[in-house]
Structure formats: C-alpha cells, structure tokens
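Asks: Let me give you the structure first, and then I'll get to my questions.
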Amino acid sequence: MAVQGLAYLVTEVAEVEAWRSFVERVLGAQLVENADGLTVRLDERAARLLLRPASADGPVVAGWQVADERAAHELAGRAGAQAVPGAAPEAAARGVEGFIGFEDPSGQNLELCWGPLDAATPFCGARPHGGFRTGELGMGHAVWSLADLGVARSFYEEVLGFRPSDFATVPGPLYFFHANPRHHSLALGELGFVGLHHVMVEVLDFDDLGRSYDAAIEGGWPIISSLGRHTNDHVTSFYVRTPSNWAVEVGWGGLLIVDEASWQVRELTEGPSLWGHERTWVSDEMKVRQRELRHQAAAENLRAPLHLPAGMPADVEGVPLR
Ligand SMILES: [Fe+2]
C-alpha cells in the first residue's frame, strides 16, 4: 500500500498569458483551455498540470496516484489526516475518478488520486514533439523545500510508502525517493523556503530537450540551472523558472531502478552533477564548491552510462536528416 507515482500538479497562477507562452513554447506541451483555466497535457492523460487563474500565485498541490479509493483512505488514515473528498467536477478536471486531499506535516496540501482517465483525443504537442516519458513512471518528479526535513521524510517514507533512492548534502540536504522505477518521483530538501522548488518532466527524444533549451533562451526565460547531467538519475537537463517562480526541469535519459532488491542507497559525495547545472540560485560560496566538485569528477574521469528511453512513439523519428 503506497503511492505509485506523481499524477498531476494543481496550482493558482497570476500570470496566465505568460504561462500560456511558457507551456507552448518552452515545454512544447499541449495546452487545453477550459472554464477552470489552463490544463496542460503531456501524454494520453486528460491533465498533468492544472493552472487556475488567480490574483496571486498559490501553493502547488501534488496529486499522487494510488491503486484505488480504498488505498487512498487507508494511507490518509495512516497519516492521521482529516481527508477531504474531492468533488466530482474537480476529479474530472484532474482526469481521475476520484481523489482525497489533506495536509502533510509541513502544511503542504497534497492529494491522493485513483482511476486515471485518458483524454478523448491523442496527445498533440504545441510543436512537433516526440512525447514525454510518463506511463508507469508518472508525470515526472517534484522537489519540495520544507522546514522540518526529519518529520517530512518519515511522513513520505513511512506513511505514504516512498522508498529512498539516495541523498546529497550539496547544495543542501536533499533526499530522493522513488515510487516506481523512475529514480525519484519525490525529493525533499531544506533550501530556505517552504514550497515546490521544481518539477521535472522528461522528454523521450533528446532533440526535444535541445528545442526546449533553445526556446527558453530565445524567450528570455530565466534559466536557473544550465544544461548539465545529474550524478544520481543520470538525467541530462536544464532548469527554467516558470511565471510562478518555481522551476521546471526539462530532462532526458533518466535511469530506472529496475531491481529494488539490489538497489543501494548512498550519499552523493561527488555532488549533484557530473558536468554543467551551473546554478544561479545558490550562494557564491556554493557555486565555487559545486565547480570544485565538477572539476574533481572530471579529473577522476567519472562517467555514467546513457539510458535510451524505450517505447518512443513512431512519430518521434520525425524527418531524418539527410
Ligand atoms: Fe530534479
């Protein structure tokens, strides 16, 4: 009985027009407009990101998928939480049969949902797009900065059933957890604020990562972490700040944890990135420290294998270069 993956995110946004441009140009995802606001599709699912227009940006609510309604109530009960059932129209907007909402120990709202529903039409990106890596891996991963990491870790691990992947101390304490073969669906850190730091969406085709990077640079979107490669999930990615101040990591080539029994939880002493990921948002001291770690990784000839995502749709082949 545990969370199976990240199903969706819901939030209120002040800058609707900027979001429209961000989703279509930077992510190349599919935008569906409806009475509630903007719904972002990444795949066959009806909704992966719900953006509700408001006078100010609101906190981001994560929708975590569980097996069924019984599992949702059992997990909420284990949390000792007062769970609020989601109304039918709200469930429909999220593309699920149902959900319940409650707070984690840090006061962050979360939802447990079941019965995912596909949209009536196939996914169609805002530009020709090879698609996002979702399915049993969920929509991606979310990284939260919280105030009391000890309490939060035991809640997500012991109550919601996330399994530890690994942990780091640079650029700050960060603990990574998986809920399916994706290396992490959740990471928790203490980064000096409470809220979502970023969500990662993974593209199936490497060229879509580059096209998102181009679009972010051309559009003047703040790139808070340059192109780089992570030491733990081996993802090649960059991070761009959304109009709501939290970031999206656009990534490619994530490692999967296929054999739970042999997986070893370790500290990432080599730092967060094999190369790149020059972060604008850390202190000057931390920038120097991270550069030192990358120099050391290069000097020690540290490398990671490439993980070519399986199951790319046929149309990702696009038009071959001649
Ligand atoms: Fe990430």
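Throughout, read-outs are computed from the coordinates displayed, never taken from laboratory work. Quick caveat: nothing in here was measured; it's all calculated off a predicted structure. Cβ placement follows ideal geometry from the backbone for every residue including glycine, while neighbour counts extend to all protein chains displayed.
Asks: Out of the DSSP beta bridges found with both residues in the range 5-299, what percent are antiparallel (nearest 5)?
Replies: Counting only bridges with both partners in the range 5-299, antiparallel ones make up about 70 percent.
Asks: What shape does the range 220-296 have by the C-alpha gyration tensor, where a ≥ b ≥ c are the square roots of the eigenvalues, rounded means a/c under 1.5, and otherwise prolate means a/b greater than b/c and oblate the rest?
Replies: Because a/c hits 1.5 or more and a/b fails to exceed b/c, the range 220-296 counts as oblate.
Asks: Moving on to the next point. Quick check: pseudo-label points 7 Å beyond the Cα along Cα→Cβ at H73 and D207, how many nm apart are they?
Replies: Here the modelled spin labels are 5.1 nm apart.
Asks: Could you compute the net charge surrounding T280? Neighbours are other residues with a C-beta less than 10 Å from the C-beta of T280; K and R count +1, D and E count -1.
Replies: Result for the neighbourhood of T280: +2.
Asks: Also, quick follow-up: Output wanted: per-residue J couplings in Hz (rounded whole) for the range 56-73, from phi through Karplus 6.51 cos²θ - 1.76 cosθ + 1.60, θ = phi - 60°, x for Gly and Pro.
Replies: 9, 5, x, x, 9, 9, 8, x, 9, 7, 10, 5, 6, 4, 4, 4, 4, 5
Asks: Calculate, for Q296 and L117, the FRET efficiency according to 1/(1 + (r/R0)^6) with r their C-beta to C-beta distance and R0 56 Å; round to the nearest 0.05.
Replies: With a Förster radius of 56 Å, E is 0.70.
Asks: Which percent of Cα pairs goes in each bin when the distances of the range 1-138 are cut into 5 angstrom slices starting at zero?
Replies: For the range 1-138, the binned pair fractions read 2, 10, 19, 23, 19, 14, 8, 4, 1, 0 percent.
Asks: Just want the answer: with Cβ charges of +1 for Lys and Arg and -1 for Asp and Glu, which residue in H198, A187, W275 is farthest toward the dipole's positive end in the range 5-299?
Replies: Going by the Cα projections, it comes out as W275.
Asks: Also: Run the helix sum for the chain: -39,500 (n - 2.57) per DSSP H stretch of 4+ residues, divided by residue count, reported at 222 nm to the nearest 500 deg cm²/dmol.
Replies: Value at 222 nm, helices only, nearest 500: -5500 deg cm²/dmol.
Asks: Further question on the same structure: List, in order, the whole-Hz ³J(HN,Hα) value for each residue of the range 24-37 obtained from phi through the Karplus relation with A = 6.51, B = -1.76, C = 1.60 and θ = phi - 60°; use x for Gly and Pro.
Replies: Taking θ as phi minus 60°, the curve returns 6, 8, 6, 7, x, 7, 9, 10, 10, 9, 8, 4, 7, x Hz for the range 24-37.
Asks: Apply the Kirkwood formula to the chain: the hydrodynamic radius equals the inverse of the mean of 1/r over all pairs of different alpha-carbon atoms; give it in Å with one decimal.
Replies: In the chain this quantity evaluates to 20.0 Å.
Asks: Determine which residues of the range 120-158 fall in the zone a paramagnetic label at V265 would reach in this model, i.e. backbone nitrogen under 17 Å from the point 7 Å along Cα→Cβ.
Replies: Taking a point 7 Å out along Cα→Cβ of V265, the residues of the range 120-158 whose backbone N falls under 17 Å are 149-158.
Asks: What's the magnitude of the charge dipole for the range 5-299 around its Cα centre, counting Lys and Arg as +1 and Asp and Glu as -1 at the beta-carbon? Answer in Debye, nearest 20.
Replies: That gives the range 5-299 a dipole magnitude of about 420 debye.
Asks: Continuing with this model, one more query. Which far-off residues, 5 or more places away or on another chain, put their amide H under 5 Å from the one on V96, with H placed in the peptide plane?
Replies: Correct list: L117.
Asks: Could you line up R78, R41, R211 from fewest to most neighbouring Cβ atoms inside 10 Å?
Replies: Placing the least packed residue first, the sequence is R78, R211, R41.
Asks: Mind ranking 191-197, 267-273, 4-10 by how tightly packed they are, going by the mean number of other C-beta atoms within 10 angstrom, highest first?
Replies: So the order, starting with the most tightly packed, is 4-10, 267-273, 191-197.
Asks: Right, another one. Can you work out the Karplus-derived ³J(HN,Hα) for every residue in the range 176-189? Use 6.51 cos²θ - 1.76 cosθ + 1.60 with θ = phi - 60°, whole Hz, and x for glycine or proline.
Replies: 10, 9, 10, 10, 7, x, 4, 3, 8, 9, 9, 9, 10, x
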